[in-house]
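Student: First, the structure itself, so that you have it in front of you.
Here, each number is a calculation from the coordinates, and none is a lab measurement. Just so you know, these numbers come straight off a predicted model, no measurement behind them. Don't worry about glycine lacking a Cβ; one is built from the backbone with ideal geometry, like all the others, and counts go over all protein chains shown.
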Amino acid sequence: MPHVIVEYSENVEPEAGIPALLRLIADRCANTDNVLPVAGIRVRAVRLTEYVIADGKPEYGLVNVTVKMGAGRPQEFKKTFFGSLFEAIKSHLSNAFKARPVALSMYVEEIDEQGAYRHNGVRDAMGLPPKQSAT
Amino acid sequence: MPHVIVEYSENVEPEAGIPALLRLIADRCANTDNVLPVAGIRVRAVRLTEYVIADGKPEYGLVNVTVKMGAGRPQEFKKTFFGSLFEAIKSHLSNAFKARPVALSMYVEEIDEQGAYRHNGVRDAMGLPPKQSAT
Amino acid sequence: MPHVIVEYSENVEPEAGIPALLRLIADRCANTDNVLPVAGIRVRAVRLTEYVIADGKPEYGLVNVTVKMGAGRPQEFKKTFFGSLFEAIKSHLSNAFKARPVALSMYVEEIDEQGAYRHNGVRDAMGLPPKQSAT
C-alpha cells in the first residue's frame, strides 16, 4: 500500500503528462517517513477512450485518482498529506486545465486488512525484511 | 458524482451499443432535478479482452456497471432511480441478450466524502459557481 | 458473484500466463459446493502499460487481484478458501517471480446487496432457474 489508480480521458493526454504525474504521486508517497512504506507503492494509470462527462460535450476531460491504503494512519497525517498531494496534482495539471475543462477528483479509501493477502517480491529486491502486516 | 464505470467483455460490443449506453446513463443521471448534479457526471467504459465467465464458455459475455456517488441521497430516490436505470440498461442491451448469454450486473456504492478532493473545471465551463461539497 | 479483477503490469506478461491464471481462479471459485455460485463467476484481467512501483525501477512488476463478493459467507470458508486461492496464484506466478521482482497482492471485498442489480443470461444458458438474491 498504497495502491493508486489514475484514470484519465484520452483527450487530456497531450497536456497532462501522465508518466510524470505517476512519478510525482509515487515520489510524494515515498517521502512520508515510512508512514506509507516505499515497497508497497503501486501507482498505475488507466486510459479511457469511451466516456461521457457532465452534459456530454466532447471537449470535457477527466482525471480521477483513487487511493487505497490500509486503515489506521493518523487523521492529521491523512488530512495534511492528501491535501498537499491533491494540490501538487492540480498544479501538475495546470496546462491540461488551460487546454480544456477538466473534472479532477481524488478519493482516498481505507482497506480492511482482514481480506488482504500479499507476497511482495519488491521488498526482497530492495533488501527489506519480509512483512506480514500492511504494506 | 456520480462516477459510473461500465465494464464490458469485447464479445458483446457488436450488439451492445456502448457509446449510446454511456449517453443513456449520463442522460438519466442529468434528469434528477439536480439530486445528481450534472457537472459531476462522469461515465466511462472499460473494454475487457481477457475474461472467464461462469464455467468458461467463450460465448458468454458480461456487462458490469459500477456507480459511485456521495452518501446521503434519500433511500426512496435511490430505490426508484436506480431500479429504473437498471431497467433502461437491460432494455438497451436486448439485442446483446439475444446474441449470446450476457451476465449483466450493477452495483451502487456510496462514497465517504471525508477523503474526497475535487477541482472541477467543467463546473466553470458550464457557468456554475465553484462548489466545495459533493458533486 | 464473485467478481474478480486481475490487474497486471505488462512486463510480467511473458511469464505470468494470464489466461491460465484467470481460468485457475474461475475453476477454484467453481469448486466451492456452490458457496460461490458458478453462474455468478466473472473473472477478468486489466493490463497496465503505465505504472510506477516502489522506488520506480522499471523492472518491478505487479499483479493485484481484487475479489468482490456478496457479504454473508462464513468466516471459516473465507479464511480457508482465499488463503488457499492466494497460495495457488502465488504458485502459478513462480516463473514471473523468478524473472523479476513482482509485488503480488489480493484484496477480498464484501459487497452490500442493497444496491446490487442483476440480470444474468448465463444462468438461463446453464439451465439454472432465475435468481433474485446474491449470485
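Student: Determine the shielding of peptide C:38-49 by partner chains: average, over its residues, the number of Cβ atoms on other chains within 10 angstrom of each Cβ.
Tutor: What the average comes to for C:38-49 is 6.
Student: Right, something else. Once phi is turned into θ = phi - 60°, what whole-Hz ³J(HN,Hα) does the Karplus curve with 6.51, -1.76 and 1.60 give for every residue of the range C:49-57, x standing for Gly and Pro?
Tutor: Each residue of the range C:49-57 in turn: 10, 10, 7, 9, 10, 6, 8, x, 5 Hz.
Student: Relative to the longest principal Cα axis of chain B, at what angle does helix B:18-30 sit, 0 to 90 degrees, rounded to 10?
Tutor: It works out to around 30 degrees.
Student: Ok, one more. What ranking, highest mean first, results for peptides C:123-129, A:34-40 when packing means the other Cβ atoms within 10 Å averaged over each residue?
Tutor: By packing density, highest mean first, the sequence is A:34-40, C:123-129.
Student: OK, next. Beta carbons within 10 angstrom, averaged per residue: use that to sort the peptides A:84-95, C:45-56, highest first.
Tutor: Packing proxy ranking, top to bottom: C:45-56, A:84-95.
Student: What ratio of Cα Rg to 2.2 N^0.38 Å holds for the protein assembly as shown?
Tutor: Compactness ratio reported: 0.96.
Student: Comparing B:Thr80, B:Thr32, B:Thr66, which has the greatest mean-square fluctuation in the GNM of chain B with Cα pairs linked when under 10 Å apart?
Tutor: Judging by the Gaussian network model, the answer is B:Thr80.
Student: Provide, in order from the shortest bin, the percent of all Cα-Cα pairs of the range B:3-56 in each 5 Å bin, continuing until the bin that contains the maximum pair distance.
Tutor: Binned Cα distances yield the sequence 4, 18, 24, 19, 13, 11, 7, 3, 1.
Student: Summarise the partner chain shielding of B:95-101 as one whole number: the mean count of Cβ atoms from other chains within 10 Å of each residue's Cβ.
Tutor: Taking all residues of B:95-101 together, the mean is 2.
Student: Label-to-label distances across copies for C:Lys57, with labels 7 Å out along Cα→Cβ, in nm, shortest first?
Tutor: 4.8, 4.8
Student: Another question, if that's okay. Can you list the lysines whose alpha carbon is less than 25 Å from that of A:Lys79, not counting same-chain residues fewer than 8 positions off?
Tutor: Counting by Cα, and skipping residues close in sequence, A:Lys79 has these lysines nearby: A:Lys68, A:Lys90, B:Lys68, B:Lys131.
Student: Name the lysines eligible as straight-distance cross-link partners of A:Lys57: C-alpha to C-alpha under 17 Å, and not fewer than 8 places from it in the same chain.
Tutor: A:Lys98
Student: Relative to the other copies, what are the label-point distances for A:Pro14, with labels 7 Å from Cα along the C-beta vector, expressed in nm at one decimal and sorted shortest first?
Tutor: Reported distances to equivalent positions: 3.6, 3.6 nm.
Student: Just to confirm my numbers, what's the Cα centroid distance between the range B:76-107 and the range C:1-76 in Å?
Tutor: The two parts, judged by their Cα centres, are 25 Å apart.
Student: What is the residue of chain A with the smallest Cβ distance to the axis taking A onto B, and what is that distance in whole Å?
Tutor: With distances in whole Å, chain A gives A:Val46, 4.
Student: Here's something else I'd like to know. Per the Kirkwood treatment, what hydrodynamic radius in Å, one decimal, follows for the range C:3-125 from the mean inverse distance over all distinct Cα pairs?
Tutor: When all Cα pairs of the range C:3-125 are included, the Kirkwood radius is 15.6 Å.
Student: Shortest first, in nm, what separates the label point of B:Lys131 from those of the same position in the other copies (7 Å along Cα→Cβ)?
Tutor: The answer, with the shortest distance listed first, is 3.8, 3.8 nm.
Student: If you average 1/r over all unlike Cα pairs in the range C:78-135 and invert the result, what Kirkwood radius do you get in angstrom?
Tutor: Answer for the range C:78-135: a Kirkwood hydrodynamic radius of 15.0 Å.
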